[in-house]
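Peer 1: Here it is: the structure, laid out below.
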Amino acid sequence: MTEQQARLSPKTCSGYEEAISFFRTYLNSYGHRHLNRDETTKYEKLEASEDKLFWDIFGPEHLGLSEISDFLADFMPRKVAGSRTLMETTGRVMLKLVKWLHEKGYMPDKEYEEAEENVKELKADLPLVGEVTDLLSDYIQRHPVETQYTSDIDAYFEIAKIEPGKLWLEDYLESKKKVGPVLVSEEISSKCKVGWTVSLWVVKTGKVWRILESGNVLPR
């Protein structure tokens with residue numbers, strides 16, 4: 001971050017610092033999940049004896065695709081759910097971080113190629129998932145389910161197929177049950193992507209499914 005400050009405007013620098021602050025929070029809370037056995041032992045000993053955080057114990061050589069992808073695909077949309085501007089800035093900062101790690105020799109060529117491709121996709125999707133989350137909430141309020149329904153499922157679903165105004169879903173965590181078509185607006189269906197994960201409570205009315213409640217939308 002220090003290397004960037006000299007050539008960034010104060011507003012841009014502030015946005016970058018906010019993104020890095022969230023990444024630091026993520027690492028301190030969840031970074032240990034990606035450590036191997038020896039690193040976990042070191043982390044637990046230092047954390048217990050000196051009250052050290054992950055950010056203090058490990059350097060940039062411990063940052064890789066797993067940490068950055070998990071941060072962008074899960075932590076930011078689920079825990080932060082910030083503005084479109086914040087999401088765009090965070091994606092841009094993480095892409096710069098990946099390039100910096102590679103340039104400094106902390107990330108091997110093969111991992112860098114995979115990380116760059118993955119982060120570029122997440123960078124594009126991150127602002128969209130927040131928008132779709134809001135659109136789903138608005139849609140539910142404007143289209144309440146007022147008829148009897150024959151069955152319901154409350155789960156995390158993966159979007160398996162998309163048509164204008166319709167989604168086909170697959171239970172992401174447990175039954176792998178396929179559900180569809182689920183009615184949405186054409187604006188929502190146009191912004192969704194196959195492979196995204198959505199938290200929904202859906203109910204069957206006749207031959208279609210409707211949405212009772214919605215939660216997070218996560219990029220793949």
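The values are calculated or read from the model by the stated rules, or taken from the named source; none is laboratory data. This structure is a prediction, so every number in the text was calculated from the model and none was measured. Glycine also receives a Cβ, built like all others from the backbone with ideal geometry; neighbour counts cover every protein chain displayed. We work out accessible area using only protein heavy atoms, side chains counted, and drop any ligands, DNA or RNA first. Shrake-Rupley method; radii C 1.70, N 1.55, O 1.52, S 1.80 Å.
Peer 1: Quick check: with the 1.4 Å probe, what order do Arg78, Arg220 take by accessible area, largest first?
Peer 2: Arg220, Arg78
Peer 1: Rounded to the nearest 0.05, what FRET efficiency is calculated for Arg33 and Asp134 with R0 set to 30 Å and r the Cβ-Cβ distance?
Peer 2: It comes to 0.55.
Peer 1: Given the protein chains as shown and a 1.4 Å probe, how many square angstrom of Lys161 are accessible, to the nearest 10?
Peer 2: Surface open to solvent at Lys161 totals about 100 Å².
Peer 1: Quick check: net charge around Ile140, other residues with Cβ under 13 Å of its Cβ, Lys/Arg +1 and Asp/Glu -1?
Peer 2: -2
Peer 1: Using a 1.4 Å probe and counting only protein heavy atoms, arrange Ser21, Ser185 so the residue with the most accessible area comes first.
Peer 2: So, going from the largest accessible area down, we get Ser21, Ser185.
Peer 1: What stretch of the chain, leaving out the sites themselves, is the longest with no GluC sites (Glu not before Pro) in a DSSP loop having at most 15 other Cβ atoms within 10 Å?
Peer 2: Counting at most 15 other Cβ atoms within 10 Å as exposed, the longest clean stretch of the chain is 1-145.
Peer 1: Still on this structure, I have one more. Under 16 Å Cα-Cα from Lys104, which lysines qualify once same-chain neighbours fewer than 8 residues away are excluded?
Peer 2: Lys96
Peer 1: What is the sum of charges, Lys and Arg at +1 and Asp and Glu at -1, for the other residues whose Cβ falls under 13 Å from the Cβ of Ile159?
Peer 2: Here the count lands on +1.
Peer 1: Two decimals is fine: what's Rg over Rh for segment 82-220, C-alpha atoms, Kirkwood radius as Rh?
Peer 2: Rg/Rh for segment 82-220 comes to 1.08.
Peer 1: Quick one: order Thr12, Thr90, Thr205 from most to least accessible surface, probe 1.4 Å.
Peer 2: Thr12, Thr205, Thr90
Peer 1: Under 17 Å from the Cα of Lys45, which lysines turn up, not counting those fewer than eight places away in the same chain?
Peer 2: Reachable lysines: none.
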